[in-house]
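Structure, as structure tokens:
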């Protein structure tokens, strides 16, 4: 490759640029065939690593022992008969450790279906109200997909669906029930669609939900959870979700 901006493109993909520098790098990628090819190769590599990297799971007996100890710690951290007794117990080393264990225990539990539905709707609403629904603005999946590398521990699908009426607008990073999520943003006529993608934690997903006035469709694929949320009518949002599910892994 002969482009002299490859190092800057790599820095952009690694999340090392912000502000004006990031905007300049993105504008260059949009007009440079070599850097677009470089970004596409980086996205392909990220996908291959996620699919083929060896995954090591803790044995069942080890997981059971850890959960038992966390639960024991949580039980020890239960409130005493009075607030005075509670704070006295929590002020000791064992009390503080028990509280930490209790928080850790609840943090690893998968969220409920209702929690997920509310969390997705809240994140979508918050982004719209704060004016930060898009952090990387681009209609090119060659720019949006590699932008997520280094920002979230997964590689979301970022298909080009303009021909089907769903225009890619960009992406952002958000949070779903205490988990980092990639959010790929599309536009359909005057509606905005957020496609949330996050690592599966064994949660039971609601197939479809209405929350805060927004319709949300959930599904799983491999080790990832998905949610499409918008104020569109049901038929159009279902069409969008079907198009996403048809994309190759």
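Working from the pairwise distances between different alpha carbons, so that the mean of 1/r is found and then inverted, what is the stretch 111-245's Kirkwood radius in Å? List each step's numbers first, then the result.
Working: mean 1/r = 0.0687 Å⁻¹.
Answer for the stretch 111-245: a Kirkwood hydrodynamic radius of 14.6 Å.
The modelled label-to-label distance between residue 65 and residue 223, using points 7 Å beyond Cα along the C-beta direction, is 2.4 nm.
The stretch 131-191 and the stretch 192-249 have Cα centres separated by 13 Å.
How much length is gained on full extension from residue 2 to residue 41, taking 0.36 nm per residue of separation minus their Cα-Cα distance? Don't jump to the answer; show the numbers that get you there.
Values: separation 39, 0.36 × 39 = 14.04 nm, distance 1.61 nm.
Additional length available on full extension: 12.4 nm.
Arranged from fewest to most other beta-carbon atoms within 10 Å of their beta carbon, 145, 246 become 246, 145.
The numbers here are math on the coordinates, done by the rules we state, and not lab data. Computed from a predicted structure; not experimentally measured. Heads up, the Cβs are rebuilt from the backbone with ideal geometry, glycines too, and the neighbour counts pull from every protein chain shown.
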